[in-house]
Each structure stands twice: as structure tokens, then as C-alpha cells.
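Asker: Here it is, the structure in full.
The values are calculated or read from the model by the stated rules, or taken from the named source; none is laboratory data. Since the structure is predicted, the reported quantities are computational estimates derived from the model, not experimental observations. All Cβ positions, glycine included, derive from the backbone under ideal geometry; neighbour counts span all protein chains shown. Accessible surface areas use protein heavy atoms only, side chains included; no ligands, DNA or RNA. Shrake-Rupley method; radii C 1.70, N 1.55, O 1.52, S 1.80 Å.
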Amino acid sequence: MTASRSALQAYNRARGAQPPLMLTVEVYDAALTQVARAKAARVANRRDEEFRFMTKATRILSELDGCLNRRDERAQDMSKMLSRYYKQTILQLHAALRTRGESAIDRYGSVHRQILIMRDAWARLAGLPPLMVSDIPKLPMVG
């Protein structure tokens with residue numbers, strides 16, 4: 001086994017040992033990165049790259065939607081709310097891609113802020129620092 005392969009396996013094991021809330025925050029971070037890249041590609045008029053990054057962000061949100069617990073009655077309301085959020089955000093990403101001119105940049109910015117707010121809410125639950133400075137009160141830790 002090569003040193004780089006061994007290091008990659010160790011990294012993946014360490015990531016797998018993280019609490020689920022921390023992994024959720026990382027997934028939101030990945031979505032934020034893809035939206036920012038799509039926006040930057042639009043600014044640079046690289047439409048193929050914009051489409052690719054927007055598609056990656058959409059896939060991340062779709063996967064988050066697919067992970068929701070729809071079987072447990074106690075999770076039904078939260079799952080429905082989050083599913084609506086993911087689907088609406090995906091629609092907004094597609095709208096940003098279709099929008100012409102400077103309005104597209106504004107749409108990507110709006111989607112980015114929405115995902116950032118959700119990311120920071122999960123970060124607070126996980127005990128991680130927010131990326132955005134806000135006046136949202138600190139949530140009590142669960143567990």
C-alpha cells in the first residue's frame with residue numbers, strides 16, 4: 001500500500017468517526033462551496049463550469065433530502081420542513097442558472113445566504129462556530 005493511499009484511508013476513517021452533526025455541517029460547507037463556484041463561473045462567463053458547479057450543489061441538496069427520516073413519526077414535521085427547504089433551494093439554483101444578466105449573480109448570492117443560515121444553525125447544534133456573524137442566540141446543546 002502506498003503512503004498516500006494509507007493516508008487517505010486514515011483520513012476517511014477519522015471522518016467517519018465524527019459525530020453526525022459535524023458531518024452534516026461539512027456537507028453544507030460542500031454545498032456552499034459549489035454555489036460560490038457556480039457564481040464565480042457566471043461572473044467569469046464560464047457557463048459550462050457554472051452548470052457543473054450548480055449541478056454538484058443540487059446533487060448535495062438532493063442527497064440531504066434523501067437522508068431525511070421519513071419513517072419516524074417524531075421526525076415527520078422536521079423532515080417535511082427540511083424537504084421543502086431542499087427542494088425550494090434546488091429550484092432557486094436552477095432559476096439562477098437560467099437567469100440572464102446581473103440578476104443571476106444576485107440569485108446565487110441569495111441561495112448562498114440561505115444555505116449559510118441553515119449551515120450555521122446545524123453548526124450551532126454541533127457546537128461548531130458559525131461562518132456568519134449574527135445576533136442569533138446560542139442554542140442549548142442537545143444530549
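Asker: Given R₀ = 35 Å, what would the calculated FRET efficiency be for R59 paired with A3, taking r from the Cβ atoms and rounding to 0.05?
Answerer: 0.65
Asker: Then there is this: Label points 7 Å out from Cα along the Cβ direction at V43 and I117: separation in nm?
Answerer: If labels sit at V43 and I117, their model points lie 2.3 nm apart.
Asker: Right, next: Counting heavy atoms of the protein chains only and a 1.4 Å probe, report the per residue accessible area for segment 16-126 as a whole number of Å².
Answerer: Value returned for segment 16-126: 58 Å² of accessible area per residue.
Asker: Could you compute the FRET efficiency for E26 and E102, with r as their C-beta to C-beta distance and R0 at 35 Å, rounded to 0.05?
Answerer: 0.65
Asker: Considering only protein heavy atoms and a probe of 1.4 Å, how much of the accessible area of segment 16-126 is carbon and sulfur, as a whole percent?
Answerer: 55 percent
Asker: Follow-up. Over segment 18-118, what relative contact order in percent results from Cα pairs under 8 Å that are six or more residues apart? Walk me through the intermediate numbers first.
Answerer: Working: 88 pairs, mean separation 31.5, N = 101.
Rounded, it is 31 percent for segment 18-118.
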